[in-house]
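Please see the structure below; I have some questions.
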């Protein structure tokens, strides 16, 4: 762990220590909240309990969390990690509220906090040290699997140290592992940028909902609230096909998670097996291949609710990608089926916040009404963008409009929003007063 002489130990940066030192919360109030956390299994974030107990306002909590993150980042930048073992790396990353960590042979350990990558250690790891970390995190069998397949993905769970997924792989300089953290509790839909109308659509129970965004970023934070919304009725059977662990809801419906697989063929086989179980709700982490999308479409045609993810930047791009793998001969059938079952398309991008210390979700939502259905059935997918941009549109909102709101509200920088905007001239025109004239 970082040396105490260089600026204190990681214990000094715990939320409770900061609150007590700053006189924000008294010791009795903090002890009460820690007791509540212990009684609920230790999975609920302390900050959420403090807000629920009215010891902190949400805005005040956010300011303290920002301070905590800055202190940890400055401490690690000054000291680095002396102990590069598995437990020490996970503890330091968790204290810094990192989303993922990359440990690579011959390189310093790096972590991603929000959208920013920071160095977690000044020292580097040799091959045996990386192998030891990978074996401790992913199990003793991972070395043989990695020797055979060159890439291995597993779920890890180390109790209080956190849980998530890990991908070990070989590269030119040796071996590396990418470690991701997932929340212990289902995040609120609002925290992930999910509109209430989307949640209500999923709660409705039938049809196809497509979720899109950047590859490999934030799927658990989107899918977990949607799984919770879909599992409210006790008689439902919900199956989640995803390799990353999700905080599954308790009570209500029967909810199970299945390993999805890495190759398109393995994923298609998993989906076929799940459909034979006849679930009421099917949640799929990726339908990017032609076969997996076709299976998701057929499952929705069978009267189920299917929530499926794929990589695309906008709602029109979602439709273009879904239809792009079909032959001209088959397109009329697929378009007709998709128009009948599609309920919504939700797109989420993660941008750095205005301080570049965290992330903000920028979203696009397409709700399927008669006009959208006609375009899906036989029109130009680009016409969906025109429907979304209409001032009186009832079928959702476009990405650019939400980006504009985030910029004007001071939540993101114009430069970061500009990079993601579809109509960049439109965004610049409406933020002219924010652009320096010099």
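No value in this document is a laboratory result; all are computed from the given coordinates. This one's a predicted model, so the numbers in the text were calculated from it and none came from an experiment. Note that we place each Cβ from the backbone using ideal geometry, even for glycine, and neighbour counts take in every protein chain shown.
What is the spread of the Cα atoms of the chain along each of their three principal axes, largest first, in whole Å?
That works out to 70, 58, 48 Å along the principal axes.
Given the options 237, 326, 260, state which has the largest fluctuation in a GNM of the chain using a 10 Å cut-off (strictly under) for Cα springs.
326
So, in Å, what gap is there between the alpha-carbon centers of region 291-326 and region 339-410?
For region 291-326 versus region 339-410, the Cα centre distance is 17 Å.
Out of 369, 243, 400, any idea which swings most in a Gaussian network model of the chain, alpha carbons joined below 10 Å?
369
Follow-up. To test your reading of the geometry: what angle, between 0 and 90 degrees and rounded to tens, separates the Cα axis of helix 331-341 from the longest principal axis of the chain?
70 degrees
How long are the three semi-axes of the equivalent ellipsoid of region 305-438, in whole Å, if each is the root of 5 times an eigenvalue of the C-alpha gyration tensor, listed from largest down?
With the √(5λ) rule applied to region 305-438, the semi-axes are 32, 15, 13 Å.
Still on this structure, I have one more. Report the dimensions of region 80-182 along its three principal axes from the alpha-carbon atoms, largest first, rounded to Å.
For region 80-182, the Cα extents along the three principal axes come out at 35, 27, 24 Å.
How many percent of DSSP beta bridges within the chain run antiparallel, rounded to 5?
60 percent
Something else about it: Fewest first, what order do 240, 175 take by the number of other Cβ atoms within 10 Å?
Exposure proxy ranking, most exposed first: 175, 240.
For the ranges 90-97, 207-214, what's the packing order if you count other beta-carbon atoms within 10 Å of each residue, average per peptide, and put the highest first?
Packing proxy ranking, top to bottom: 207-214, 90-97.
Just need the relative contact order of the chain here, percent rounded to a whole number, with Cα pairs under 8 Å and 6+ apart. Write out the running numbers ahead of the final one.
Working: 770 pairs, mean separation 47.1, N = 438.
About 11 percent, as a whole number.
Same structure again: At a 10 angstrom cut-off on C-beta neighbours, averaged per residue, how do the peptides 110-121, 383-394 rank from highest to lowest?
110-121, 383-394
A further question on this structure: Please give the helix 86-95 orientation as an angle from the longest Cα principal axis of the chain, in degrees from 0 to 90, rounded to the nearest 10.
80 degrees
Taking neighbour counts of Cβ atoms within 10 Å as a proxy for exposure, in what order, fewest first, do 368, 182, 306 appear? Each step should come with its number before you reach the end.
Details: 368 23, 182 20, 306 27.
The order, fewest Cβ neighbours first, is 182, 368, 306.
While we're here: Helix 399-408 sits at what angle to the longest principal axis of the chain, using alpha carbons and giving 0 to 90 degrees rounded to 10?
Rounded to the nearest ten degrees, it is 40.
Taking the highest mean first, how do the peptides 132-139, 25-32 order by number of other beta carbon atoms within 10 angstrom per residue?
Ranking the peptides 132-139, 25-32 by packing returns 132-139, 25-32.
Still on this structure: Contact order normalised by length for region 196-434, with contacts defined as Cα pairs under 8 Å and 6 or more residues apart; what percent is it?
So the answer I get is 19 percent.
Report relative contact order for region 189-337 in percent, whole number only (criteria: Cα-Cα under 8 Å, sequence separation at least 6).
This gives 27 percent for region 189-337.
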